[in-house]
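K.L.:
Here you go, one structure.
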Amino acid sequence: MMCEDVDRSLTHLVHIPDDGGDTITCYNANGFLILVSSDKRAILGIRSVKIRADDILLCTYPKSGTNWVFEITRETLTGKIIEDDVTMVQRLIEMEPEESYADLQSPRILNSHLLMKHLTEDVLKKKIKVINVLRNPKDVAVSFYNFAKKIPNLEYKGEWKNILRPFFEGKFMYGSWMDYVINWEQVKKTNPDLPVLTLFYEDLKQDQMREIRRMCEFLGVERTDDFLSRICDNTTLTAMRTLKTKACYDGAVFRKGGVGDWKNWFTVAQNEWFDQLYQEKMADCHLQFKYML
Ligand code: A3P
């Protein structure tokens, strides 16, 4: 989809139609679509971002719980409960120009929704720690639809029935969820020495303490259970909505925050269509997604 070198002349806005003709406005960076509010300098410079060996890169497909895990990671890493309005968006390397995070203290936590092949080679060369958060695709689709409707500069007014097919075909920003997941699984397989922690949104919902303990081990930090439970309290959807709403899309990101909302949206026909598609596209994928808890 995206050529390896982003050409300055090829960054522009595009309006991608859903099945009813309503459009989502995306930013086209040399054929690859990203969020419309991205800074042009960020995407143009993405292959030359200076990565530090102790950077931590949070890699997610949008709507998979990036904001949540970013916050948990910050607190786990620093050993402090943080009550500010910094969000993952300010550290999204394809959206923010490098100067906005270049001077941060180490270890930095950076975020990206891109595939490995779009990132600087230093990620692999320096073998930085990567946290890859995955979420079941049905809830991702519902979350994406609601996000698209709420963010004014996406200019989307479409209906749920018209978005599912183009969404899973990867027509909108960041391409297809399936390509993303398959691609990252491939990266893990072909780079066994790259330290990657795979987290599932559903597992975090089910047992956040257990998952943060896994994060501690991965990050090489020791924290007490008491501290971990304080992180849990400080990163509930309500707590984050209160702290981050102004800084993060007017709170559109903090919607329901559960597992299984897709049941309120998918019709029987949509569900059958999706399950069939999943079987076809993900036949070789060993991952098991939880659709209900
Ligand atoms: P829903 O739209 O299903 O509610 P991202 O941060 O990658 O954009 O993902 C957004 C999704 O994560 C939204 O899902 C949002 O509600 C959920 N989310 C954000 N903060 C959360 C939190 N603190 N706890 C649980 N879920 C959270």
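K.L.:
So, counting K/R as plus one and D/E as minus one, what does the shell of residues with Cβ under 12 Å around Asp22 add up to? Can you show the working numbers first?
P.N.:
Details: positive: Lys149, Lys157, Lys161; negative: Asp18, Asp19, Glu155, Glu159.
With Lys, Arg at +1 and Asp, Glu at -1, the net is -1.
K.L.:
Next up: Stretch Thr242-Ser100 to full length: gain in nm at 0.36 nm per residue minus the Cα-Cα span? Spell out each step's value before the answer.
P.N.:
Values: separation 142, 0.36 × 142 = 51.12 nm, distance 2.42 nm.
Result for the pair: 48.7 nm of gain on full extension.
K.L.:
Considering only the other residues whose Cβ falls under 10 Å of the Cβ of Lys138, what net charge follows from Lys and Arg at +1 and Asp and Glu at -1?
P.N.:
On the way: positive: Arg135, Lys263; negative: Asp139, Asp261, Asp275.
Here the count lands on -1.
K.L.:
Related question: Hey, what did segment 50-281 get for relative contact order, percent, Cα under 8 Å, at least 6 apart?
P.N.:
So the answer I get is 28 percent.
K.L.:
Per residue, how much space in cubic angstrom lies within the convex hull of the C-alpha atoms of segment 176-293?
P.N.:
Values: hull volume 17.4 nm³, N = 118.
Hull volume normalised by residue count: 147 Å³.
K.L.:
Still on this model: Place a point 7 Å from the Cα of Asp19 along the Cα-to-Cβ direction; which residues of segment 170-211 have their backbone N under 16 Å from it?
P.N.:
170-172
K.L.:
If you don't mind, there's one more thing I want to ask. Which net charge results for the neighbourhood of Phe218, defined as the other residues with beta-carbon distances under 15 angstrom from its beta-carbon, given Lys and Arg at +1 and Asp and Glu at -1?
P.N.:
Details: positive: Arg74, Lys127, Lys129, Lys188, Arg210, Arg213, Arg214, Arg223; negative: Asp54, Asp55, Glu75, Asp193, Asp203, Glu211, Glu217, Glu222.
Residues close to Phe218 contribute a combined charge of 0.
K.L.:
Could you please tell me the mean projected area of the C-alpha convex hull for the chain, averaged over all directions and given in square nanometres to one decimal? Could the numbers behind the result be given before it?
P.N.:
Values: hull surface 57.6 nm².
Hull-based average projected area comes out at 14.4 nm².
K.L.:
Can you tell me the FRET efficiency between Thr198 and Ala53 if r is taken as the Cβ-Cβ distance and R0 is 22 Å, rounded to the nearest 0.05?
P.N.:
0.55
K.L.:
R0 = 30 Å: FRET efficiency of Asn191 with Asp284, Cβ-based, nearest 0.05? Each step should come with its number before you reach the end.
P.N.:
On the way: r = 18 Å, r/R0 = 0.60.
That pair, Asn191 with Asp284, gives E of 0.95.
K.L.:
Got a number for carbon plus sulfur as a percent of the chain's accessible area, 1.4 Å probe?
P.N.:
Numbers: 6420 of 13110 Å².
With neighbouring chains kept in place, the figure for the chain is 49 percent.
K.L.:
Please give the calculated 222 nm ellipticity per residue for the chain, where each DSSP H segment of at least 4 residues contributes -39500 (n - 2.57) and the sum is spread over every residue; nearest 500 deg cm²/dmol? List each step's numbers first, then the result.
P.N.:
Working: 11 runs with 105 residues, N = 293.
Mean residue ellipticity at 222 nm (helix-derived): -10500 deg cm²/dmol.
K.L.:
Express the accessible area of segment 50-281 per residue in Å², computed with a 1.4 Å probe while the remaining protein chains stay in the model. Display every interim value, and only then the final one.
P.N.:
On the way: 9920 Å² over 232 residues.
Heavy-atom accessible area per residue stands at 43 Å².
The values are calculated or read from the model by the stated rules, or taken from the named source; none is laboratory data. Only a predicted model underlies this, so the values are computations on that prediction, with no experimental measurement involved. Quick reminder, even Gly has a Cβ in these numbers, built from the backbone with ideal geometry, and neighbours come from all protein chains shown. Heavy atoms of the whole protein, side chains included, go into the accessibility calculation; ligands, DNA and RNA do not. Shrake-Rupley method; radii C 1.70, N 1.55, O 1.52, S 1.80 Å.
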